Structure formats: structure tokens, C-alpha cells
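What follows is a single structure, written as C-alpha cells, with notes after it.
All of the numbers you see were taken from the coordinates with simple rules; none came from a lab. Given the structure is predicted, the values throughout are model-derived calculations rather than measurements. Note that we place each Cβ from the backbone using ideal geometry, even for glycine, and neighbour counts take in every protein chain shown.
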Amino acid sequence: MEHRADIAIIGAGFGGSLMAMVARRLGRSVMLIERGTHPRFAIGESTTPLANLLLQQLAEEYDLPQLLPFRRWGEWQREHSGIGCGLKRGFSFFHHTLGQAFSDDEQRSRQLLVAASPRDEVADTHWFRADFDQHLVNEAQRLGVEYFEQTELTNFDEQPAGVTLGGRRNGGSVRFHVGFVIDATGPRGWLHRTLGLAKRELPMMPATSGLFAHFNNVGAWPSAVGAPYPVEDAAVHHVFDGGWVWILKFNNGITSAGVGATRQRADELGLAKGEAGWQRLLAKLPSLAKQFTGAELVGGFVFTPELSFCSGQINGARWALLPSSAGFVDPLLSSGFPLTLLGIQRLAKLLDGGIDLADYERRTLAELDQVSRLVGALYASMGDFELFTALTQIYFVALSYSETAHRLGKPELAESFLLRDHPEFGPATRGICESVVRLAKRKEVLAKVRKTIEPFNVAGLADPAKRNWYPVNIDDLFSTAAKLNSSEPEIREMLLREQLL
């Protein structure tokens, strides 16, 4: 069978389907090609305020109003209650010593709670990908995207006039003739393998492994009186020297849980052995083990021996990798969604003549590198929770500043992820991360973090008086309006417009 279109998108996860929808709105004919079928298990589930703003921007710029309910918990529950998701009010961190029960002190020095929204209605979400990805594939088809599932591609032939993709489907050969190809098959994906692309080292990132699965009947982690939000209505991180465990709860009773660890720690725990490795980990985290008493595995464990990855080339004359295929750092900090959505925005501009391929590659790789440096520094400090907490403030300050600047209509203040291209914040962040990995003087690093984030801190973060609990306080935003070249009335108008007040 022969098929022709302007664009072929390989991989029908959320990124591929969203890219297909945007390309259709740009007037292109689009084919979406998938090796498997939906619904299917997928990891990578937790959004952030910036990710949801980017989703909103795509919906508004490309006339995709069907995406808007997915930007917030309340709208999602009213419009699509049958599509699984989880309530994410913030980021919860708890620091453990292996072999000991979790405990804390009056200063809350072994926990960190950072609220991302003031109430459930406008909260972020975890995406239950089996439901969400299938829904987006269906939406793409409603827009006229041709969908080909159970299609095994084997050949890529690039000629001056276009690209021919060859493979097999339904027991027979199939060929797709297109002008441009976008790979959305994930790290180490189809184009990377088929074209024999080289790997590229991510700066400062240690070798890490991951083990993850879905569960039923996971118990509750206690939430202290007065906490900024119920601590499990969040992306929950249990941090220990050499690794961390994530727990995300969905409204369908399923819990996503997994561990990322340095190669040395992963080998010590035997994570490659799947469930046996998971049980060995829980035995060293007795407080967390109580939460999983009675938990039932859904499906099986997935072990990834190498979590981080970056392709040495991410585009050619007639092809490009989405950021999710170009590279992956770690689930820590939930950076995958915003990077992918930024990539979709930029590829849309590329298709519309707004930027060129070289600019797309430069921005994508630079932002992956910035995430890699920060996550690498966080791994290096997992045994020192005060330092770890200080480094997370770089992330939270950059995201809250960027989100607010964009909602105020001032994108020039934050043109790159984690303010990577900002002339002061970007280089300072890189210097801090290098200092942490080199084991520089701890007090000097902490002082530099405080100095770096202060001009961008619009959310009342890094305040010792709050003892590591950071609720959303609108007064913090009003009092720091000048940092955004704004005023209290302008910020109030924005909050009302965005239904955040």
C-alpha cells in the first residue's frame, strides 16, 4: 500500500498526537504512525503549572479548544471524568536515611512542600497515560489525521523531493511518501536507531537506572496539620543518598511508583531483578514499606538500565526529533512535559516558517543540558537535604517566574526553559551546579543560590521562616511585581483573567 501526506509523525503518544493536531490546524496533511495499539502502559505522567500553560497556549494559538479542559483538575473532572488523572497541588519531598524510619524535627529539615496552586479547582494533574494518550489519538483522527497503528517501520529513504518510509502493516508491505518526518517515539527511538545517530553525553549527569510500575491498594503517607496541601495530592518524592522514589496517585485507584538511582545504588539494590529489587528497596525504607503493605502490582515492573540519553543529532533537512525523542534526563523535576510542549510550539513555528532547524536544535539541546546540570547536581546532593532543597529552589523560582511572565504577556522576560538563556540566571545556575558536582565549599554554594534566585523569586520561596512549607500566597506575587516589570493592579487583572483568584 502507498500513502502520501505532507508530514509523517512516528509515535502516537501524547506528544505525537498533539503535534499531529497542531500540524493539521496549520493546514498540513498528516499521517500518524504507531507500532503498537492503544490503550497502553506509559510512564511520564506529572504536569507542572508551566506545562499546563504551554498546553493552554497551544489550544488558543492553534484553535484546539478541546485541549483546554486538560490544563486544570477542576475542568478535567467536569468535562472528562472518564479519563484517568491525579490531583497535583504541589511537590512533596521527604528525606530518608536508608535502614531507618522517617523522622523529622521542628524545623521540618527533612521535608519540603512546595504548593503549585491555591486550590483543587485550578490544580495541576498527573496524566493516566493509557487513557489520555488514547483520547488524543482519537481527537487527532477527528481533525483529519490519518492514523496507522500496528505498523512496523523498517526503512527511511530521504531524497531531494521528500522522504519515503517503508515497513509492514497487516501482514503486507506499506510505504509512506511525505515531505517531512517528526519522530515522537521517545529516547533511543526509531529515527535514532534507523539513521544510526551518535549518542551525546549530557553534562554532569551520573549514570542512572530506573524501576517502575503501577499498583493498586497503596496506603497513605501521613499529612501533618497545617500543611500547605494534603501531601499526597502532589508529586511525592522520597529522597535518599543515591536515589529517590516517586509516588503519583490517580483517581481510578491506581498509583504510579518507581525509583531512579545512580548505577552504583541500583546495583546494590538489585533493581535489575524487578520485583525482588523493589522489595529490597522497601526493606531499606521502612516507613515507605508500610505504605505498600497490601499493595497489588498491576502488570509488571519495567527496568531501565540507562535512564538518561541524548541524541547527537536531532534534525536533518527533512526530519526532526521531538525533545522527548532527542533526549531524556530523569523523571526528577517533571521536566519532560514542558520540554516536549515547548518543542511542539517550536516545530509548529518551523512548519510555518517562523524559525529554522538550526534554531530548533540549538534551543532543544541547550535546555536539555540545563536540566541535566541541575538534575546532576541534585543527585550529587541527595545525601545533604539542605543543599538538595536549596537547589530545588532554582527550579521552582525559574518556573514560577517564567509562568507568571508569560501569563502577564511578557514572554521576553523568560524565553527559555529554566531561564537557560537569561544572561544572569542561566550562567549562574550552571556555575552553581558545577560547584556542587565538584564538591566546592558548601556555604559558598548556598550563598550563591540565594543571591542568584533573589531577583526572580516572585513566590516567596527560600524563606527560612517558612520552615520548608511553601503555600501559594498571592501577596508574595503582589509584593514582587517590580521583578516582572509589572504592578499590583496588572497582576490582579491577570489572576482574575486566568481564574486564579
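What percent does the relative contact order of the stretch 160-236 come to when contacts are Cα pairs within less than 8 Å and at least six residues apart?
Numbers: 36 pairs, mean separation 11.1, N = 77.
Taking the mean separation of contacting Cα pairs over the length of the stretch 160-236, I get 14 percent.
Under DSSP H, which helices of the chain have Cα atoms covering 30 Å or more of the helix axis and a Kyte-Doolittle average no less than -0.5?
Details: long enough: 357-380 (34 Å, -0.04); 385-407 (32 Å, 0.41).
What comes out of the filter, once short or polar helices are dropped, is 357-380, 385-407.
May I ask you to compute the full-extension gain from residue 289 to residue 496, defined as 0.36 nm times their residue separation minus their alpha-carbon distance, rounded to one decimal in nm?
Value of the extension gain: 70.2 nm.
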For this session: Please name which of 391, 418, 473 has its Cα lying farthest along the dipole of the stretch 370-497 towards the positive end, using unit charges on Cβ (Lys, Arg +1; Asp, Glu -1) and the Cα centre as origin.
Result: 391
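Within 12 Å, Cβ to Cβ, of residue 235, how many net charges do the neighbouring residues add up to if Lys/Arg are +1 and Asp/Glu are -1? Before the final figure, lay out each step's value.
Working: positive: 88, 89, 249; negative: 45, 124, 232, 233.
Its environment carries a net charge of -1.
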Problem set entry | Value of relative contact order over the chain, rounded to a whole percent, pairs C-alpha under 8 Å and six or more apart | 18 percent
Problem set entry | R0 of 51 Å, Cβ-Cβ distance residue 98-residue 352: FRET efficiency to nearest 0.05 | 0.50
Seminar exercise, completed: One finds the C-alpha centres of the stretch 467-501 and the stretch 392-416 to be spaced, in Å, by 13 Å
Exercise. Once the Cβ-Cβ distance between residue 451 and residue 155 is put in as r, and R0 is 60 Å, what FRET efficiency do you end up with, to the nearest 0.05?
Worked result: 0.65
Problem set entry | Computed [θ] at 222 nm, deg cm²/dmol, the chain (DSSP H ≥ 4; -39,500 (n - 2.57); rounded to nearest 500) | -11000 deg cm²/dmol
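Where both residues lie in the chain, what percent of DSSP beta bridges are antiparallel, nearest 5? Don't skip to the answer; put the middle values down first.
Values: 57 of 82 bridges.
The antiparallel proportion sits near 70 percent.
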Problem set entry | Added length on full extension, which subtracts the Cα-Cα distance from 0.36 nm per residue, residue 439 to residue 298 | 46.6 nm
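Just need the Rg to Rh number for the stretch 263-377, please, alpha carbons only, Kirkwood Rh.
Looking at the stretch 263-377, the ratio lands at 1.12.
With 10 angstrom as the radius, rank 21, 382 by how many other C-beta atoms surround their C-beta, starting from the fewest.
Numbers: 21 28, 382 21.
By the 10 Å Cβ count, ascending, the order reads 382, 21.
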Problem set entry | Distance between the stretch 93-156 and the stretch 163-217 - C-alpha centres, whole angstrom | 20 Å
Exercise. For 200, 193, 373, what ranking results if the residue with the fewest other Cβ atoms within 10 Å of its Cβ goes first?
Worked result: 193, 200, 373
Problem set entry | 3J(HN,Hα) from dihedral phi, the stretch 462-479, Karplus parametrisation 6.51/-1.76/1.60, rounded to Hz, x for glycine, proline | 6, 10, x, 5, 7, 6, 6, 10, 10, x, 6, 10, 4, 4, 4, 5, 4, 6
